[in-house]
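Enquirer: Quick one: the structure is below, questions incoming.
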Amino acid sequence: MKRSRIFLYLTALTLSTLILGNLFRSWVFLIGAISTLALFVAASRSLPPDEIELKIEREADQRVKEVYVKDELEMTIHIENRGEKLRFLEIHDILPPLVELTEGSNHHVLSLDMGEEKELNYKISCPVTGKIDIGPIRARYKDGIGFFTKELEGAEKKRIQVLPRTEEMKRVDINPSYTKHWLGDIKSKSIGVGSEFFSIREYHQGDEIKNINWKATARYQAPFTNEYEGEKSGDVILVVDGYEEGVVGIRRQNTLQASIDAAASLASSTLSARNRVGLIVSGEYLNWVYPATGKNQYHRILANLTKFKGGGTWGLEGIKWLLEDFFPARSLIIFISPLTVPKFSETMIDLCTKEYDVMVISPDPVKIERDVIEDHEEAIEALYRTEREHLLELLWRRGAVVVDWDPYEPLEPALEEVLRYQQRLKR
Amino acid sequence: MMSGGLASLISMHSPYWFFPLIFISISLIGFNLKKSFVLDTGILLSVISYLFVNRGLQLKTLNILYIIGIFFLFVAAWFCAKNTLMVQEMINAFEVPDGERFVSFRRSSLTDLFNNLILSVSIAVIGSFIGIFSSLGGGLSADLEIILMVVFSSLVFFIMYVITNLLSKRRAE
């Protein structure tokens, strides 16, 4: 229990009145001393109860340990007073700085009778990915004057993982040009297992009865079998640029967060087409996930994106050796980078000349800067925009598919437009 | 400010009548700047200066009540100021201010404060009369004075016990 400084002042007042009373031999100071001592007696009424039995529990919605970025999470604090009446109880559930309070309050002052229970509710959301610790819950008894403060035990911290937001992209097909021999959704323009009719041929022993083309058989008086276009899949590697000097924006809103959200959406879309998807993140550290398929792979990629932090000195040029030595050749490499560091484009161009498909999705840093910074110079912005357009055009000419993406808009329409344009060019 | 002004007004017979007014102004500055130390020191000095200014008062029942009254006026102003600063601090600490919550807290804490003050005044009045008449006489019989002295001494021991109990409570980390 903490005593406030009032006691120090009351003690000083008592002593000074006693000393001055003796010095001046005056009854007035004696009255002062007696009155001050009376205050001490009255203060003893404000003592916190000896036995404070408080049960504090935090219940998160559905025992959730994972939420998506900007999703609301409801927190409930259940308080039960099993001891004496508490007149002034302060309850504070400590929230990390980035977490936003969307409804209710995490800080209350209330009184609880003996045996009384109360529930406090509030909602939070987090604008960035990562692991966040909610709490601990601090409880403090205070009297009305502030004589005494007693800290009480509350509930422990609760860890929540904030996952990147995934955008559903049903209208775009992002597929590598080079397919591998395993089944997928990409039309391989060769005969194989699939659902699209390709051609017919003479029946060979062992062909399935269901594949016999009865019309052709009737016409030519000999059995003919249908052949189908093989559907295969390929490898897609997502590369997220988190290089420290290249990130633009503030902690709540920056190009890295936009890149992480884009990577999560692309991973979901390409995995659902039965491609093998891998991930490379470069920032605070260099980390990767080897290509694989399935839901587990999606969770592995999400887990890596969630804990990924920007910073460090791992630039994109260092990724080349990783790609060439550890990742399969002839993959579709999707770079997600704001392209604020010019030397990274050289890596991309270099990869275009090798047997890789390169796609560059670039969240526009100017749009983010304009939103977070009030003072921005138009001239510098125009100059940067010209440089960026020039770089994007250079990447196009070298064979990369480039998507200049406004991070405040959905990614799918931007991708759709670019892929349609690419199809028209091919024709 | 009112308590300091009143104290100075009533003490105009003394050459140092303006002392309480000066020190209460200091505490007012501390209250406005939300500096607790300045507020507390100002009040402490104004109480002491008020007692000092009135040290030559004649021993009469009315004067005893007058001294106690003004003393507790200072104390009431002090505690109200502390309560206001505490509530303000709590409001600033809250992420989402909720006036409703603080109105009820303020109401119950001020009720508590005034209950404590009334109790203090009662103890002070009784204790003062017992103390004064037991130690300084006042026309009472010797037996009565002895009884009053015993009662006063018992009260002093009781208060010492309370203070020792209060001050010896373990400080929380």
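All of the numbers you see were taken from the coordinates with simple rules; none came from a lab. Predicted, not measured: the structure shown is a model, and the values here were computed from it. Methodologically, a virtual Cβ is constructed for each residue, glycine included, from the backbone with ideal geometry; neighbour enumeration extends over all protein chains shown.
Enquirer: May I ask you to derive the FRET efficiency for B:Asn32 and A:Ala303 from their Cβ-Cβ distance with R0 = 60 Å, giving the value to the nearest 0.05?
Expert: 0.65
Enquirer: Cα-based Rg of segment A:235-426 per 2.2 N^0.38 Å, rounded to two decimals?
Expert: 0.98
Enquirer: With 23 Å as the limit, write out which pairs from A:Lys70/A:Lys320; A:Lys232/A:Lys295; A:Lys157/B:Lys34; A:Lys170/A:Lys307; A:Lys123/A:Lys157; A:Lys123/A:Lys367 have Cα-Cα distances beyond it, or answer none.
Expert: A:Lys70/A:Lys320; A:Lys157/B:Lys34; A:Lys170/A:Lys307; A:Lys123/A:Lys367
Enquirer: Taking each pair of distinct Cα atoms in segment A:1-58 once, what is the resulting Kirkwood hydrodynamic radius in Å?
Expert: 13.5 Å is the Kirkwood radius here.
Enquirer: Roughly how crowded by other chains is peptide B:50-59, in terms of the mean Cβ count from those chains within 10 Å of each of its Cβ atoms?
Expert: Counting other chains' Cβ atoms within 10 Å and averaging over B:50-59 gives 5.
Enquirer: Would you please name the GluC sites (Glu not before Pro) within segment A:302-380 that are DSSP coil residues with at most 12 other C-beta atoms within 10 Å of their C-beta?
Expert: A:Glu355, A:Glu374, A:Glu377
Enquirer: What lysines could a cross-link reach from A:Lys142, if we take a straight Cα to Cα line under 19 Å and drop same-chain neighbours fewer than 8 places away?
Expert: Partners found: A:Lys2, A:Lys55, A:Lys85, A:Lys118, A:Lys150, B:Lys82, B:Lys169.
Enquirer: Once you order the gyration tensor axes a ≥ b ≥ c over the Cα atoms, which shape class does the protein assembly as shown get: rounded for a/c under 1.5, otherwise prolate or oblate by comparing a/b with b/c?
Expert: prolate
Enquirer: Moving on to the next point. If each residue of separation counts as 0.36 nm, what is the full-extension length gain between A:Glu245 and A:Arg165 once their alpha-carbon separation is subtracted?
Expert: Result for the pair: 26.4 nm of gain on full extension.
Enquirer: Still on this structure: Any idea which of A:Ile34, A:Leu110, A:Gly83 is furthest toward the positive side of the dipole for segment A:1-135, if Lys and Arg beta-carbons carry +1 and Asp and Glu beta-carbons -1?
Expert: A:Ile34
Enquirer: Select from segment A:342-427 those chymotrypsin sites (Phe, Trp or Tyr not before Pro) which occupy a DSSP coil region and have at most 12 other Cβ atoms within 10 Å, ordered by residue number.
Expert: Here the sparse-neighbourhood loop sites are A:Tyr408.
Enquirer: Something else: Run through segment A:150-251 and list the chymotrypsin sites (Phe, Trp or Tyr not before Pro) located in a DSSP loop whose Cβ has at most 13 other Cβ atoms within 10 Å.
Expert: Those satisfying the criteria are A:Trp182.
Enquirer: If I stretch the segment between A:Asp350 and A:Ala12 completely, what's the gain in nm (0.36 nm per residue apart, minus their alpha carbon distance), one decimal?
Expert: 113.7 nm
Enquirer: Right, here's the next one. Counting helices only, and only those DSSP H runs with n ≥ 4, report the 222 nm mean residue ellipticity of the protein assembly as shown as the sum of -39,500 (n - 2.57) divided by its residues, in deg cm²/dmol to the nearest 500.
Expert: -15500 deg cm²/dmol
Enquirer: Could you grab the Rg to Rh ratio for segment A:183-232? Cα atoms only, Kirkwood for Rh.
Expert: 1.03
Enquirer: Still on this structure, I have one more. If we count every other residue with Cβ under 11 angstrom of A:Arg138's Cβ, Lys/Arg +1 and Asp/Glu -1, where does the sum land?
Expert: Neighbour charge sum, excluding A:Arg138 itself: -3.
Enquirer: Also, I was wondering about something else. Given contacts defined as C-alpha pairs under 8 Å and at least six residues apart, what's the relative contact order of chain A, whole-number percent?
Expert: 12 percent
Enquirer: Treating only the Cβ of Lys, Arg, Asp and Glu as charged (+1, +1, -1, -1), what charge dipole size does the protein assembly as shown show about its Cα centre? Round to the nearest 20 debye.
Expert: Value, rounded to 20: 1440 debye.
Enquirer: Quick check: net charge around A:His78, other residues with Cβ under 10 Å of its Cβ, Lys/Arg +1 and Asp/Glu -1?
Expert: -2
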